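Following: one structure in structure tokens, then a few remarks.
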Amino acid sequence: MSLEQKIMADMKEAMKAKEEATLRGLRAIKAEIIKAKTEPGAGGEISEEKEVSLLQKMMKQRKDSLEIYQQQNRADLAQKEQEEMAVIEKFLPKQLSSEELKEALQRLIAETGASSPADMGKVMGAATKQLAGKADGKTISATVKELLSK
């Protein structure tokens with residue numbers, strides 16, 4: 001079952017249960033999927049990797065907005081962002097814990113032969129491909145920087 005089919009099924013359930021917050025999040029995901037499908041060169045289909053990257057992008061946008069709303073003391077808008085983040089999170093792959101992330105990155109550092117912060121680019125290139133969807137880029141970057149500076 002594709003992401004779009006899951007979204008449609010969940011939208012029907014949310015409509016029946018009159019869950020406005022869930023419905024709002026699902027509609028946002030559906031809109032992004034449609035936008036990606038209609039991009040030039042997409043051919044009306046998107047890959048599973050593209051779906052995950054779409055969801056990650058949406059999650060990052062919501063996190064950034066949430067931060068801004070909290071700084072501006074806009075609890076009403078912050079609440080909406082948190083609700084949408086909860087919906088998007090259901091469709092993302094399980095995120096790695098910090099320990100699991102460190103272990104995976106230590107393996108990558110050993111594989112790439114990186115030894116100093118100057119080698120961060122090599123590690124980040126491999127890490128973003130291998131850990132796509134399992135951890136966000138900011139966390140990966142901070143952990144790599146920490147591990148290479150030891």
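Taken together, the values in this text are just the output of simple stated rules run on the coordinates, not laboratory data. Since the structure is predicted, the reported quantities are computational estimates derived from the model, not experimental observations. All Cβ positions, glycine included, derive from the backbone under ideal geometry; neighbour counts span all protein chains shown.
Against the longest principal axis of the chain, how steep is helix 98-112, in degrees 0 to 90 to the nearest 10, with axes from Cα atoms?
50 degrees
Sort THR22, THR139 so the one with the fewest other Cβ atoms within 10 Å of its own Cβ comes first.
Values: THR22 20, THR139 14.
Placing the least packed residue first, the sequence is THR139, THR22.
How large is the helix-only mean residue ellipticity at 222 nm for the chain, computed as the sum of -39500 (n - 2.57) over DSSP H runs with n ≥ 4, divided by its residue count, in deg cm²/dmol to the nearest 500?
For the chain, the value works out to -25000 deg cm²/dmol.
Who wins for biggest fluctuation among ALA118, ALA135, ALA14 in a Gaussian network model of the chain, springs between alpha carbons below 10 Å?
ALA118
State to the nearest 20 debye the size of the charge dipole of the chain about its Cα centre, where the only charges are +1 on K and R beta carbons and -1 on D and E beta carbons.
On the way: 26 positive and 25 negative charges, 25 e Å.
The dipole magnitude comes to about 120 debye.
How far is helix 137-148 tilted off the main Cα axis of the chain, in degrees rounded to 10, range 0 to 90?
Taking the Cα atoms of the chain, the angle to 137-148 is about 10 degrees.
Is there a quick way to get the dipole size of region 98-148? I mean about its Cα centre, with the Cβ of Lys and Arg at +1 and of Asp and Glu at -1; what is the value in debye to the nearest 20?
Details: 7 positive and 7 negative charges, 33 e Å.
The dipole of region 98-148 has a size of about 160 debye.
For region 1-94, what does the relative contact order come out to in percent, with C-alpha contacts under 8 Å and a separation of six or more? Working shown, then result.
On the way: 69 pairs, mean separation 29.2, N = 94.
31 percent.
Using a Gaussian network model on the chain with a 10 Å cutoff between Cα atoms, which of GLN71, GLN95, GLN82 fluctuates the most?
GLN71
How much net charge surrounds GLY133 when only other residues with a Cβ under 14 Å from its Cβ are counted (Lys, Arg +1; Asp, Glu -1)? Let's see the in-between values first.
On the way: positive: LYS50, LYS57, LYS60, LYS90, LYS94, LYS129, LYS134; negative: GLU48, GLU49, GLU51, GLU89, GLU100, ASP136.
Around GLY133, the surrounding residues sum to +1.
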